[in-house]
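Here's the structure, in structure tokens; my notes come after.
Taken together, the values in this text are just the output of simple stated rules run on the coordinates, not laboratory data. Just so it is clear, the structure is predicted and the values come from calculations on it, not from any experiment. Cβ placement follows ideal geometry from the backbone for every residue including glycine, while neighbour counts extend to all protein chains displayed.
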Amino acid sequence: MSTASLDPRLVLNCTPQLACTTAPDGTINFLNTRWFDFTGRPCSDLIGNDLESFWISCVHPDDREIVYQQWAEGVPLGKPFEGRYRILGRDGEYHWFFSNAIPMVENGTLIGWVCTSTNIQPQISAEARFSRLIETSFVGVSISDAAGNITYMNPSLLKLLGYERNEVVGRMRWQDLTPPEFAHLDAEADRQLTATGVCQPYEKVNIARDGRRIPILVGATCIRDETGAKTENAAFLLDLSGLKRAETALIQSEKLAAVGRLAASISHEINNPLEAITNLIYIARTHENLHPEVADHLSLAEAEVVRCSQITTQTLRFHRQSTRPTAVTASQLFDSVTTLYQGRLSNSSITIHRGYITPSPFHCFEGEIRQVLSNLVANSIDAMRTGGRIGLRAYDTTHSATGRRGVRLVLADTGHGMPPEVIQKIFHPFFTTRELAGTGLGLWISKDIIDSHGGRLTVRSRENHGTVFSLFLPLHP
């Protein structure tokens, strides 16, 4: 049989796409077997239907208007047209198809149409998954055209910069978010994108809606069309604010550690001359013919030298760290800390009230617990610039949740207190209410130290009524 005698309908039945032919006005006169395979409906039920009835029975309601419009514009012209829409399958679900309508012309007269529809649901599903990935990603994503006009920005980046989508898309350019001093970095990135299609990640600053300068790490790639021409740039942005704060805190921590080592070294060096001075004062004070007034002055001098020696000893205890827990009492820890802060306490008119109800000795890393108590005392002093009271209490107790025996240390002040929203964040790293003076690491580190001892650090506070920190430490960590 020659190819000229082949029935076109036989050819359409062999295609993997859904295929049909229509009269010039769109009336269905043939459907291939793929229609039955996909929809589960006998083709005889659909043949002879006008175009509108056919689409109502097969096409998703939201897509019908698009189909009607395409046919209304394409049929009178007799020119090919295409579109994509959802068709109802035998599984009861709508699936995306890409359809082509090609006119059949004989002797210059339109005699009908051949329509094919290709299932593109896998591609649509992949696009949807990719879209959800971008929309929910914690990495900021921005897409801009060749001129830098922003055409898309994902929720993470919008939240970081403080914008609504309608304020950015179609209204702003990538350059609008960049301070002038970083423009050369964006220019170099654009040069790399044009040359290779990607740019090396680089650090810059973006300006938020409220004027904040946010450090970010940027990487970018170009999006090309079917011909390989660059159409858009996709930028991926990572917020570096936390990293920059950590770097700053680390530098400050290293400085503090260096100062601590220096203070310990100085304390160690001055201990010997202090002991010599103490001995000399003692010899002078016990001289037989010493005038009583001079003896009183020497006694005062001896007391002050002893106090200096105590301060140097406590400083050394802060710096020295044992490799294993040692036994200590609450009074030893509290007194060593308040000795160091005696000057600040006096200058701020703050009094100390102690209440140690025979707490048992417990094992801990002394230097670490002193660090925690020192941080709490320093915070209390900062909260009472015009005077007040600090209450220090300690007593034996049993942890209600674990049943472990231990000691509870309580530090209460009459400072300005904290609102609930601050209390919820005080143990978070880098959170501070002292923007210039604080790193936001003190309480976070303190809680970590107490946790590592198997204890618990809690806080209660009310604005204008003071703050109470409570530490539970087991007898044996």
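Lysine pair count for the chain with Cα-Cα distance under 25 Å and sequence separation of 8 or more or different chains is 10.
Put +1 on the Cβ of each Lys and Arg and -1 on the Cβ of each Asp and Glu in the chain; which of C20, A147, P273 then has its Cα farthest toward the positive end of the dipole? Working it through, the farthest residue towards the positive pole turns out to be P273.
Karplus-based coupling profile of the stretch 350-363, in residue order and whole Hz: 10, 9, 10, 10, 9, x, 9, 8, 6, x, 6, x, 9, 9, with θ = phi - 60° in 6.51 cos²θ - 1.76 cosθ + 1.60 and x standing for Gly or Pro. Normalised by residue count, the stretch 65-196 yields a Cα convex hull volume of 208 Å³ per residue. Quick check: from the Cα gyration tensor, does the stretch 351-420 come out rounded (a/c under 1.5), prolate or oblate? Cα axes put the stretch 351-420 in the prolate bin.
A cut-off under 14 angstrom between Cβ atoms defines the neighbours of Y202, and their net charge, with Lys, Arg +1 and Asp, Glu -1, is -3. Global size of the stretch 137-239: 12.8, 41 Å for Rg and Dmax (C-alpha atoms, Rg to one decimal, Dmax whole). In the chain, the DSSP beta bridges split such that about 90 percent are antiparallel, to the nearest 5. Shape class for the stretch 1-158: prolate, because the ratio a/c of the largest to smallest gyration tensor axis (alpha-carbon atoms, square roots of eigenvalues) is 1.5 or more and a/b beats b/c.
Rounded, prolate or oblate, given the Cα gyration tensor of the stretch 323-477, with a/c below 1.5 counting as rounded? Could the numbers behind the result be given before it?
Numbers: a/c = 1.62, a/b = 1.33, b/c = 1.22.
Because a/c hits 1.5 or more and a/b exceeds b/c, the stretch 323-477 counts as prolate.
Taking only the C-alpha atoms of the chain, Rg followed by Dmax gives 39.9, 145 Å.
Here's the picture: charge each Lys and Arg Cβ at +1 and each Asp and Glu Cβ at -1 in the chain, and of G442, Y94, A246 the one pushed furthest to the positive end of that dipole is G442.
About its Cα centre, the chain has a charge dipole of approximately 1800 debye under the convention of +1 per Lys or Arg Cβ and -1 per Asp or Glu Cβ, with nothing else charged.
What is the antiparallel percent of DSSP beta bridges lying wholly in the stretch 323-477, to the nearest 5? In the stretch 323-477, DSSP labels about 75 percent of beta bridges as antiparallel.
Ranking P474, G415, V328 by Cα position along the charge dipole of the chain, where only Lys, Arg, Asp and Glu carry charges on their C-beta atoms, puts V328 farthest toward the positive end.
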